[in-house]
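Input: a single structure, listed below in structure tokens.
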Amino acid sequence: MASAPINVVALLQQIIREHTPENIWIDSPLIGYHVLGNTNRGEIGEDFIRRYLGNCGIKVENGSRVCPVPPNESPLP
């Protein structure tokens, strides 16, 4: 009894589809965020918070980056 020939490419495509997670970004208004690098995401997040707080009437200033606390110093006063 001979078996039917297998289309290996079609089989592999089917298995890939079954193992591919659903893309939550399809049709999302925020798809642009998904394609950005981490640096850009951080800048967008900071800008969003700054503008959001400003719109709520909370004064916001641009801060500077903080340096790490030396090992033997407490970050608390």
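Take the residues in segment 25-57 that are surrounded by 10 or more Cβ atoms within 10 Å (Cβ to Cβ) and part of a loop (DSSP other than H, G, I, E, B), then tell me which one is modelled with the highest pLDDT. Don't jump to the end; show me each part of the working.
At the first step, the residues of segment 25-57 found to be surrounded by 10 or more Cβ atoms within 10 Å (Cβ to Cβ) are 25, 28, 31-34, 36, 40-54.
Checking the rest, the ones that are also part of a loop (DSSP other than H, G, I, E, B) come to 25, 28, 36.
On the way: Trp25: 84, Ser28: 90, Leu36: 87.
It comes out as Ser28.
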So, in segment 11-59, exactly how many residues are over 13 Å from the mean Cα position of the chain (by Cα) and among the hydroxyl-bearing types (Ser, Thr, Tyr)? 3
Considering segment 1-19 alone, what residues qualify as being modelled with pLDDT of 90 or more and in a loop (DSSP other than H, G, I, E, B)? Ile6, Asn7
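The values are calculated or read from the model by the stated rules, or taken from the named source; none is laboratory data. Treat the numbers as computed from the prediction; the structure is a model and nothing was measured. As a convention, Cβ positions derive from the backbone with ideal geometry for all residues, glycine included, and neighbour counts pool all protein chains shown.
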